[in-house]
Amino acid sequence: MTRRSRLAGAACAAVLALGACGDDDDAPSRSAAASASSPTGGPGAGTSTGGAPRDTAAAPPGDAAWAAAVATAEADAGGAAVAIDAGRDGFEVDVAVGDRTVEVRLGATGTDVLRRTDDEPLDADERAALEGGVPLTDAVATALAEVPGTLDGADPGSAQGTPVWEVDVETGTGDVEVVVDASTGDVVHVERDD
């Protein structure tokens with residue numbers, strides 16, 4: 001089993017574990033991750049019956065919510081993630097759907113879709129990273145294995161003509177950018193902001 005397979009397996013396990021998170025009250029609420037496996041799920045899932053977005057579960061410990069956010073956004077939009085921004089209140093994930101991106105805003109757990117908007121055409125870096133074959137989730141998992149910390153964001157880029165994923169990690173001692181080759185999954189460069 002390759003390192004990339006083990007990392008992908010760990011990310012999938014985190015997503016599955018997070019799928020069980022939610023509120024125990026009787027209020028009708030569905031997470032997008034749960035609705036993705038349901039025949040009635042899809043766009044608009046993760047809202048209360050009144051149509052107002054809800055993020056009902058507390059954020060899970062550690063930094064595992066990013067994996068749930070990517071999986072939920074990909075299922076909701078029907079494409080592959082090309083960028084993620086992590087914030088105090090949740091995540092924004094850009095998903096490639098056809099030749100455009102869809103921005104999916106999620107709550108802090110990464111399982112509740114708060115908003116989905118058509119964004120803009122795919123750019124050259126996004127296309128190249130997708131064609132490289134290493135998914136965003138694998139690149140983030142690799143970066144976090146290389147530099148332990150909390151995900152701040154990840155975007156496609158180019159390093160000397162090679163498509164890469166640029167992953168920003170917040171550590172206790174500063175911010176670190178980990179550049180991961182989008183074709184091989186190898187760490188190309190680590191840059192620390194001191």
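The values are calculated or read from the model by the stated rules, or taken from the named source; none is laboratory data. Just so it is clear, the model here is predicted, and its values are computed rather than measured. Backbone-built Cβ (ideal geometry, glycine too); neighbour counts: all protein chains shown. Ligands, DNA and RNA are excluded from the accessible area calculation, which covers all protein heavy atoms including side chains. Shrake-Rupley method; radii C 1.70, N 1.55, O 1.52, S 1.80 Å.
General remarks:
- Taking only protein heavy atoms and a 1.4 Å probe, the accessible area of segment 73-194 is 40% carbon and sulfur.
- Annotation: amide H-H contacts under 5 Å for VAL113 (H modelled 1.01 Å from N, sequence separation of 5 or more, or interchain): ALA32.
- Förster-model FRET efficiency, 35 Å R0, ASP193 and ALA124, C-beta, rounded to 0.05: 0.85
- Relative contact order (%) - criterion: Cα under 8 Å, at least six apart; region: segment 115-194: 27 percent
- Rounded to the nearest 10 Å², the accessible area of THR171 at probe 1.4 Å: 40 Å²
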